[in-house]
């Protein structure tokens with residue numbers, strides 16, 4: 001009887017120790033891990049005003065946090081506001097369309113439409129009611145559907161990652177195009193890249209993942225690429241050469257429809273979520289901690 005009680009007590013102690021170790025290896029209350037320097041479980045949440053429900057892409061000008069610039073599906077507008085504002089301002093640059101991302105580089109704004117058509121205009125014209133000098137650039141990207149774009153301010157390069165292209169097998173790789181921004185706002189071919197979906201499958205231990213990236217940005221502190229996939233509810237981190245290093249599952253209670261991603265010049269991370277008929281869109285801030 002005493003021996004049985006001792007064995008039972010020992011089992012309880014061991015089980016408790018294992019549970020403690022298991023919990024210690026998880027980040028946050030939900031057990032969702034985060035990249036070094038960030039806690040994806042504890043965002044500062046900024047709800048978007050009614051006029052910016054379907055916020056898709058977000059950008060900062062030179063990483064400055066005084067204003068965030070955004071676009072949303074179907075409207076040919078560039079929106080701007082200070083995080084926490086109850087109202088949003090905008091300038092019209094084009095007709096209605098399926099706009100998916102925004103970038104700012106060398107005092108030019110670049111807008112991405114889902115069919116790969118790009119629009120550029122001077123940043124100095126953003127606060128006009130209508131943007132007078134807009135260039136529509138076609139035929140620069142392979143045929144497909146696009147949602148992710150990042151501007152490299154230092155080198156004047158634009159990186160665009162295909163969500164679904166005819167030439168891609170989305171279970172093997174996701175292709176990207178590099179464009180060089182010219183002084184007059186035009187863009188020229190400057191290279192290509194790809195993300196290895198097989199490497200994502202290996203890390204996640206899942207087979208036949210159809211990877212559909214919705215946004216990308218680069219962490220200027222580490223030079224790592226942060227690639228967001230709303231459909232897959234994951235954040236992919238790759239090194240500067242696009243080699244996949246880590247995968248982070250996103251808590252659907254926090255990331256209901258993550259569509260935009262950006263860093264400010266203090267290395268803080270921002271991810272935007274589109275709203276719906278029952279909930280407002282939002283931008284989540286994840287403060288950088290050393």
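The values are calculated or read from the model by the stated rules, or taken from the named source; none is laboratory data. Every value quoted in this text rests on a predicted model; they were computed, and no experiment measured them. Cβ atoms come from the backbone with ideal geometry, glycine included; neighbour counts cover every protein chain shown.
Have a look at 210, 241, 256, 223 and point out the one that is surrounded by 14 or more Cβ atoms within 10 Å (Cβ to Cβ) and over 30 Å from residue 134 (Cα atoms).
Step by step, each of 210, 241, 256, 223 is checked, and only 256 is surrounded by 14 or more Cβ atoms within 10 Å (Cβ to Cβ) and over 30 Å from residue 134 (Cα atoms).
Any residue in the stretch 124-144 that is in a strand (DSSP E or B), crowded, with 20+ Cβ neighbours inside 10 Å and touching a strand residue (DSSP E or B) at 6+ places or on another chain (Cβ under 9 Å)?
No; the residues of the stretch 124-144 include none that is in a strand (DSSP E or B), crowded, with 20+ Cβ neighbours inside 10 Å and touching a strand residue (DSSP E or B) at 6+ places or on another chain (Cβ under 9 Å).
Do we have residue 101 as over 19 Å from residue 128 (Cβ atoms), surrounded by fewer than 21 Cβ atoms within 10 Å (Cβ to Cβ) and assigned by TED's automatic domain parsing to the domain that holds residue 156 here?
No, not satisfied.
If you take the residues in the stretch 93-132 that are free of Cβ contacts under 8 Å to residues at least 24 places away in the same chain and in contact with a helix residue (DSSP H, G or I) (Cβ under 9 Å, 6 or more places away or on another chain), which one is nearest to residue 64 (Cα to Cα)?
It comes out as 107.
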